[in-house]
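**Student:** I'd like to ask some things about the structure below.
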Amino acid sequence: MKKIYILLLFLFFHSYFCQSQPPDGDDGNRVEVIKMAYITHELNLTPQEAQNFWPVYNNYVNEIKQARNQYPNDEVAFEKRAVEIKERYQENFKKILGNKQRANKVYTTDKQFNTALNNELKNRQQKRLQNNNPNQQLQQKQLQQQPHINGNNGKNLKKGNGGNNKKPHPPF
């Protein structure tokens, strides 16, 4: 049953993974759908667990966002509040998922997804900057095409190659 559920999830979300850009620019909703699929897969949620899990998880995320908004410039106070929220929700996740290990995996999976998302955004920004700066691309191509000059005009001089051990003439 789990295999069928996971297969259906991947078939359903296949179009989201294959599109390069969303047609309406609705990136936030698309990210949420991908996040749901990722967390569902990583936690091996059954349909019944998923039905109970997602409302609790969404409340957890909303409380974390409220804490971030409450302490925008005080990282220590935010982290303190976030730990309190995580401790409180850990019991809820434990009831839904059955054990403490799976409940703790909610937090690590969430962190892994956010890290992967941030890395993807950085990579896309770098590609966009490179595509918008053709002079930089031209300079990089020119550097790659230049032979490495280390005193032999790009030729490999080996000893014992038929007496042709001459050093190159100076360029004057």
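FYI, it's all coordinate maths here, none of it is from the lab. Predicted, not measured: the structure shown is a model, and the values here were computed from it. We place every Cβ from the backbone using ideal geometry, glycine too, and count neighbours over all the protein chains shown.
**Student:** With charges set only on the Cβ (+1 for Lys and Arg, -1 for Asp and Glu), what does the dipole of the range 42-143 come to about its Cα centre, in debye to the nearest 20?
**Tutor:** Working: 17 positive and 11 negative charges, 65 e Å.
The dipole magnitude comes to about 320 debye.
**Student:** Could you give the C-alpha radius of gyration of the range 42-143 expressed as a fraction of 2.2 N^0.38 Å, taking N as the number of residues it contains?
**Tutor:** 1.55
**Student:** Considering the dipole of the range 42-143 built from charges on the beta carbon (Lys and Arg +1, Asp and Glu -1) around the Cα centre, which of ASN114, GLN126, ASN69 is farthest to its positive end?
**Tutor:** GLN126
**Student:** Given 0.36 nm per residue, what is the gain on full extension from GLN90 to PHE113 after removing their alpha carbon distance, in nm? Walk me through the numbers before you get to the answer.
**Tutor:** Working: separation 23, 0.36 × 23 = 8.28 nm, distance 1.86 nm.
Result for the pair: 6.4 nm of gain on full extension.
**Student:** By average Cβ neighbour count within 10 Å, what is the ranking of 68-80, 50-62 from highest down? Kindly include the intermediate steps, with their values, before the conclusion.
**Tutor:** Working: 68-80: 11.2, 50-62: 14.9.
With the highest mean Cβ count within 10 Å placed first, the list reads 50-62, 68-80.
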